[in-house]
Structures are given as C-alpha cells and as structure tokens.
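S.K.: My questions all concern the structure below.
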Amino acid sequence: MLEGKLGMVFGVANHRSIAWGIGQALAGAGARLAFTYQGDRLKDTVSDLAGTLSGSLTLPCDVLDDAQVDEAFERVDREFGGLDILVHSIAFAPREALENPFVETTRDAFNTAMDISAYSLVQLARKAAPLMEKRGGGSIITMTYLGSGRVFPKYNVMGVAKAALEASVRYLASDLGPRNIRVNAISAGPIRTLAGRSIQGFTRMEEHVREVAPLRRNTEAGEVGDVAVFLASSLSRNVTGVTLFCDSGYHAMGM
Ligand code: NAD
Ligand code: 0WE
C-alpha cells in the first residue's frame, strides 16, 4: 500500500507510543521512515526501535527549538529527497495543569500546552509542504482525543489544545489542499502509553470503555496504525480536513 513512500514520524518515546504503533504499520505497508525524538534522553530507545525497520533514520527534534526543526527537515530532504507522509503524535501540558481545576490554569501552562500540542502541527506542516510538493503531494496525520469537544475531568488545558489542533487540521487542509497535501486527525480512545498511563483513574476509564463502547473493548496502538496507513495511502486520496475516530465507537455514545 505504501511501497516507495517516504515518511517522517514525530512522537516516539518508547515501544508503547502511538507513534511507534503508527511507524510499525506504515513500515509494514512498505514506507521508509525517519523518526524524530525529543531530547538526548530518548535517543537510544528511539534508535533501537527504528533500527528494527529497514532503511529508517533517527534524528533529534524538540518542536520548541526552531533550529532543531529546520535541521531535521534539511536532513530528511538530503537523505530522502522529498516526503510523502508526516505523522505528528506530540502533546504536552505541565503536570499541575492536568491535576488542578481548569480554572486555575496559568498563562504559562496554557501557552506551553498550546505551543507543543497544537502550534507544532502548523510549524511541521509548513516545513513539510515544500518536500511533499516535490513528490506531487502528501498526507499529514495528527493525533487527537475526544476531550477536544467535551469535558473529561482533568484533561483540562489539553482539551483546549486539542480543540485548537482539530481546527488547525481544517485550516491546514484548506491551505495545503491546492498542493495535493491532505491533513487529517485520528481521535483515539484511551491507550496505556507514557502520556496515558500517568493519568490517575486510567484503569477506571479503560473499564468504562470496555463496558459501554459499541465494540466493548479498548483501543490498541496497532489499530491506530492501521487507520494511519489508510490516511497515508491513496485509498484516502479524497479525504482531508477530517477527524477520524479509532475508539471502539465510544464517541457515538451519550450514556
Ligand atoms: P507518548 O508519551 O508515547 O508520546 C508523546 C510524545 O510527545 C513523546 O514522544 C514526547 O517525546 C513528545 N513530545 C512532548 N514534547 C515534545 C517536544 N517539545 N518536542 C517534540 N516532541 C515532544 O504518548 P502517546 O499517548 O503516544 O501520545 C501521542 C499522541 O497521541 C498525543 O498527541 C496524545 O495527545 C495523543 N493521544 C493519546 C491517547 C492516549 O490515551 N494515550 C489518546 C488519544 C490521543
Ligand atoms: O493527550 C493525552 C495526554 C497527553 C499528556 C499527558 C501528560 C502526562 C504527563 C499531556 N501532558 C502530560 N504531561 C505530563 O506531565 N491523552 C489523550 C491521554 C489522556 O490524558 C487524560 C485522559 C486521557 C485519555 C487526562 C485526563 C483524562 C483522560
């Protein structure tokens, strides 16, 4: 499905990361990938994971550092000569902003969450566009959560950032569509990743999903990966600006 395609995957922290589930699925479908990691701390883990996929690259990229972002795209341009797929699987809010009541969110915490979790998609899309244009178009995929549109206790400023992210998907789709670059989001159900499992009450949330979601089970990173293969492939060539749910159908329920 993705034979000969070139991709860049942002957001692998360890083997549980949704970005890793997506990377494995894209590579399984034939794509060659560059994985970026945030900070030296993650270098060895991400290099070891990427090393299990043939032809892959590993590069540093903290989205708060414009120089690192520029360097990452320059290297991919040099080594790949273009880009077909970009996966954005990055989010962060200061811990206290996910623990205290939302009304207590500081300006700093609000800005940090928006910068890393929403603005970074705009930044990466702008950098990817010229590389994708060289290939006649491309597919940009980001990760979101149902907390963008409804209140999940303690998701707080992340919900606000995801609302901005989903709106950014639509505005980016509008800007980049004429260059045959599609922009879509996958809204995943709760998954026990580094970012997921540190949330208190995560086990209760999983139990709840298992009880009420139409498919009566939770979401796995590999299933999100398979949706990403669809969004990266020509099967979705007429799909852009959408948020696709991969959540056992949970979003459809009112009770
Ligand atoms: P994760 O912790 O494995 O991934 C989050 C990634 O964000 C990490 O790799 C981290 O290094 C990266 N990151 C944070 N700050 C960064 C920065 N300044 N520069 C570059 N990278 C930075 O957790 P995950 O659950 O795989 O999260 C990936 C995405 O999926 C996030 O957008 C998250 O909101 C979304 N999501 C997660 C769930 C869930 O339940 N786990 C559900 C729906 C959506
Ligand atoms: O997007 C997320 C979580 C992202 C996240 C996680 C952390 C934990 C560690 C962002 N920033 C931080 N900062 C930290 O210091 N998810 C979709 C997972 C998640 O988080 C929740 C959820 C779900 C699901 C928080 C409350 C309720 C549900």
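Quick note: the coordinates plus some simple rules give every number you see, no bench work behind them. Because the structure is predicted, anything quoted here is derived from the model rather than measured. For neighbour counting, all protein chains shown are included, and Cβ atoms are generated from backbone atoms with ideal geometry for every residue, glycine included.
S.K.: Under 13 Å from a point placed 7 Å out from the Cα of residue 1 along the Cα-to-Cβ direction: which residues of region 20-43 have their backbone N that close?
M.R.: Hits in region 20-43 for residue 1 at 13 Å: 22-31.
S.K.: With θ set to phi - 60° and the Karplus curve 6.51 cos²θ - 1.76 cosθ + 1.60, what are the ³J(HN,Hα) couplings of region 234-250 in order, to the nearest whole Hz, using x for Gly and Pro?
M.R.: 6, 4, 9, 4, 10, 10, 8, x, 9, 10, 9, 8, 10, 8, 6, x, 3
S.K.: Testing the spin-label approximation: label points 7 Å from Cα along Cα→Cβ at residue 15 and residue 198. State their distance in nm.
M.R.: Between residue 15 and residue 198, the simple spin-label model gives 2.1 nm.
S.K.: Size of the dipole of region 37-176 about the Cα centre, Lys and Arg at +1 and Asp and Glu at -1 on the beta carbon, nothing else charged, in debye to 20?
M.R.: Working: 14 positive and 20 negative charges, 100 e Å.
Roughly 480 debye, rounded to the nearest 20.
S.K.: Hey, another quick one. For the chain, state the average projected area of the convex hull of the C-alpha atoms over all orientations, rounded to one decimal in nm². If you can, show how the numbers build up before the last one.
M.R.: On the way: hull surface 51.6 nm².
Taking the Cα atoms of the chain, their convex hull projects to 12.9 nm² on average.
S.K.: Rounded to the nearest 10 degrees, what's the angle between the helix 120-133 long axis and the longest principal axis of the chain, both from Cα atoms, 0 to 90?
M.R.: Approximately 30 degrees, to the nearest 10.
S.K.: In debye, nearest 20: dipole of region 16-120 around its Cα centre with unit charges on the Cβ of K, R (+) and D, E (-)? Could the numbers behind the result be given before it?
M.R.: Values: 8 positive and 17 negative charges, 89 e Å.
Using Cβ point charges on Lys, Arg, Asp and Glu, region 16-120 gives about 420 debye.
S.K.: Let me ask you something else. Taking the Cα atoms of region 131-255, what is the range of coordinates along each of the three principal axes, in descending order and whole Å?
M.R.: Each principal axis gives a Cα extent; for region 131-255 these are 47, 28, 27 Å.
S.K.: Among 68, 24, 200, which one shows the highest mean-square fluctuation when the chain is modelled as a Gaussian network with alpha-carbon springs under 10 Å?
M.R.: Ranking 68, 24, 200 by mean-square fluctuation puts 200 first.
S.K.: Order the peptides 51-62, 241-252, 138-149 from the highest to the lowest mean number of other Cβ atoms within 10 Å of their residues.
M.R.: Working: 51-62: 16.2, 241-252: 18.2, 138-149: 24.2.
Descending packing order for the listed peptides: 138-149, 241-252, 51-62.
S.K.: May I pose another question? Fewest Cβ neighbours within 10 Å first, please rank 202, 80 accordingly. Mind showing how you got there, number by number?
M.R.: Numbers: 202 14, 80 20.
Ascending Cβ contact count within 10 Å gives the list 202, 80.
S.K.: Something else about it: Report, ordered by chain and residue number, the lysines lying within cross-link reach of residue 5, taken as a straight Cα distance under 22 Å and ignoring same-chain residues fewer than 8 apart.
M.R.: Straight-distance partners of residue 5: 127, 134.
S.K.: Can I ask one more? Taking amide hydrogens as modeled 1.01 Å from N in the peptide plane, which residues meet the under 5 Å criterion relative to residue 185, leaving out close sequence neighbours?
M.R.: Answer set, sorted by chain and number: 142, 242, 243, 244.
S.K.: Taking the Cα-to-Cβ direction at residue 175 and at residue 48 and moving 7 Å from each Cα, how far apart do the two end points lie in nm?
M.R.: 3.8
S.K.: Just tell me which lysines come within less than 24 Å, Cα to Cα, of residue 154; anything on the same chain fewer than 8 places away is out.
M.R.: 162
S.K.: Which angle from 0 to 90°, rounded to the nearest 10, does the C-alpha axis of helix 156-176 make with the longest principal axis of the chain?
M.R.: That works out to roughly 30 degrees.
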